[in-house]
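Structure first, then comments.
Taken together, the values in this text are just the output of simple stated rules run on the coordinates, not laboratory data. Since we're looking at a predicted model, the values are computed, not measured. For neighbour counting, all protein chains shown are included, and Cβ atoms are generated from backbone atoms with ideal geometry for every residue, glycine included.
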Amino acid sequence: MPHPLARLVAPVIVGVAAGIGAVVAQSVLVRRGPVQPSLGAPERPLAFQGWWSSNESSPMAYAHPAVVFVDGATGTVVDSWDRRTRSRVANPRVVGSEPLSTDAISVLDATTGDVLQALPVEGMARG
């Protein structure tokens, strides 16, 4: 018959060994993702600042990561921004058929063309 002290110590030793094994296994099995490269500031400043250019997260920025800025009077793209790459949108163009305010710069979702915001610009009113 085993010694009474062995009956108490053996389960403790087994428990400690199991705990150490679990910690070692966890540290070996956990894979660390690749480090995200730090994206610097844009090569030239954006023409317009707002939720689309902020580093802070917001529901609008999450839902619409890429935007284009369109002159409502002429329908031409003035600028663009993609928060995911922190650079201009590749091949920006106006998509969608929503009417644009003629006295403002419209912020459009680059993918859907949805008008997200109108930025009134002083002296831009056209007859």
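Distant-in-sequence amide contacts of residue 78, defined by a placed amide H-H separation under 5 Å and a gap of 5 or more residues or a different chain, comprise 69, 70, 71.
Note on residue 93 and residue 57: with the Förster distance fixed at 30 Å, the Cβ-Cβ geometry gives a FRET efficiency of about 0.65. Simple rule: put +1 on each Lys or Arg Cβ and -1 on each Asp or Glu Cβ in the range 59-120, find the dipole, and look at 66, 107, 77; the Cα lying farthest toward the positive end is 66. Charge tally for residue 115 (other residues, Cβ to Cβ under 9 Å; Lys, Arg +1; Asp, Glu -1): -3.
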